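Structure first, commentary second.
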Amino acid sequence: WEGVTSQQNNISAIAYHFGREIRDSLKIPVGIIINAIGGSPTEAWIDRNTLETKLPAILRHWRSNDFIMPWVRERAAQNVQSQDTPLTRHPYAPTYLYDVGIRPLEGLAIRGVLWYQGESNAHNMEAHERLFPLLIESWRSTFASPLPFYYVQLSSMNRPSWSHFRNSQRRLARPKEGIEMVVSLDHGLKDDVHPTIKYPIAHRLALLALSNLYGYTSIEARSPECRDLKYYPKHLLLSFSGTSFLKTSDGSPLRGFEVVTLDGKSHSLTGEIKGKNVLLSLPTSLVGQELYQLRYAWHPYTDANLTGATGLPVGTFSINIPPRSYDSK
């Protein structure tokens, strides 16, 4: 173990701020194992037995396999070409990072996991929805423990698939099973995959750990989530849980809501906050139409601004719209 000093600049800023907040809250030393490889895909962190049993197709000819993100395959091909040994394994290969980075830790008493990854799996949400649970299963088996997994939803960035992937990540959360997500879309950069503002994300991860693992049960640790939607003739009423009241991050009117009609067209909506509810007005052109879906923060790089009472932002989500709830209101 090494103590953190001002001379160290090769550690994760999020891990550092997380560890410091836990230390300051509990008044005890905190050990953080930083095991991060830039650009690595989820499948590289899963053990071979799990993949062979649950998703064997991803192991076959991985450098020409459509399960693997094209950028990952291209980068691996470039790196391997520069090696003298033709059998050199690449860090992005399925199972490799598990073998060299996770298996050697077997036997340690690990309290939990922070996971901030997904950029190299955002091209194939369906595959990631299978891989991410397998990752958790793999690590929990390795450490013989129901490890809490706290992961970060991808931030806001101008990449076409990211809003869909953020929504997919939201669906993977299982709070009752110790699998929870923090939102980061309010600190993204339009054209840079590496946001420079780190502390708020670390703080949100620390809130989950303090609330779930260390007895700080009274703090508001989770972003609000939409739990109910009612469709009235002229508006939509959304109910949120996880906060005492809603607000906007900048004091401005609500931004980020849109409705999709059956023809696939999206229409921006205006609305107002009423306690823990949001009332969205339908434009005259949509009154009486059948609506398909409500979306929030759906632009890949979004300025959506709905938060909970303590400022935790609402993440990207979509919800199918039910038939109209009442004939008038």
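Odds and ends about this structure:
- Taking the Cα centre of the stretch 13-213 as origin and assigning +1 to Lys and Arg Cβ atoms and -1 to Asp and Glu Cβ atoms, the resulting dipole is close to 300 debye.
- Theoretical FRET efficiency, 1/(1+(r/R0)^6), r = Cβ-Cβ of residue 63 and residue 290, R0 51 Å, to 0.05: 0.65
- The Cα trace of the chain gives Rg and Dmax of 21.6, 74 Å, the first to one decimal, the second as a whole number.
- Projecting the Cα positions of 61, 221, 173 onto the charge dipole of the chain (unit charges on Cβ atoms of Lys, Arg, Asp and Glu, taken about the Cα centre) puts 221 furthest along the positive direction.
- DSSP loop GluC sites (Glu not before Pro) with at most 13 other Cβ within 10 Å: longest gap in the chain: 107-289
- Modelled FRET efficiency - R0 45 Å, residue 320 with residue 23, Cβ distances, 0.05 increments: 0.55
- Which of 186, 24 has the fewest Cβ neighbours within 10 Å, and the rest in rising order: 24, 186
- As an equivalent ellipsoid, the stretch 225-320 spans semi-axes of 22, 14, 12 angstrom, where each value is the square root of five times an eigenvalue of the C-alpha gyration tensor, largest first.
- Between the alpha-carbon centres of the stretch 255-323 and the stretch 1-28 there is a gap of 39 Å.
- Restricting the stretch 251-329 to chymotrypsin sites (Phe, Trp or Tyr not before Pro) in coil, as DSSP defines it, with at most 11 other Cβ within 10 Å: 326
- Cβ crowding within 10 Å, taken as a proxy for footprinting-reagent exposure, orders 69, 125, 181 from fewest neighbours to most as 125, 69, 181.
- Reported value for the stretch 170-220: 96 Å³ per residue, from the convex hull of its C-alpha atoms.
- Scanning residues 5 or more positions from residue 151 or on other chains, those with amide H under 5 Å from its amide H are 115, 180, 181, 182, with H placed 1.01 Å from N in the peptide plane.
- A simple spin-label model places pseudo-atoms 7 Å from Cα toward Cβ; at residue 103 and residue 174 they are separated by 2.5 nm.
- Spin-label model distance (nm) - residue 10 vs residue 265, 7 Å beyond Cα toward Cβ: 5.7 nm
- Applying the criteria of a DSSP loop state and at most 11 other Cβ atoms within 10 Å to the trypsin sites (Lys or Arg not before Pro) of the stretch 187-247 yields 190.
- Solvent-free Debye scattering, log10 I(q)/I(0), computed from the Cα coordinates of the stretch 4-62 at q = 0.26 Å⁻¹: -1.07
- The trypsin sites (Lys or Arg not before Pro) found in the stretch 21-58 that occupy coil by DSSP, while having at most 11 further C-beta atoms within 10 Å, are 27.
- The 3J(HN,Hα) values that the Karplus relation (6.51, -1.76, 1.60; θ = phi - 60°) gives for the stretch 286-300 are, in residue order, 9, 4, x, 7, 6, 10, 9, 8, 9, 10, 9, 6, 8, 5, x Hz. Gly and Pro appear as x.
- Within the straight-line cut-off of under 16 Å between alpha carbons, the lysines reachable from residue 234 are 329, sequence neighbours fewer than 8 places apart in one chain being disregarded.
- Which of 261, 53, 302 has the fewest Cβ neighbours within 10 Å, and the rest in rising order: 53, 261, 302
None of the figures in this text is laboratory data; all of them are computed from the coordinates on show. In this text the structure is predicted, and so the values were computed from the model without any measurement. Cβ coordinates were reconstructed from backbone atoms using ideal geometry, including for glycine residues, and neighbour counts include every protein chain displayed.
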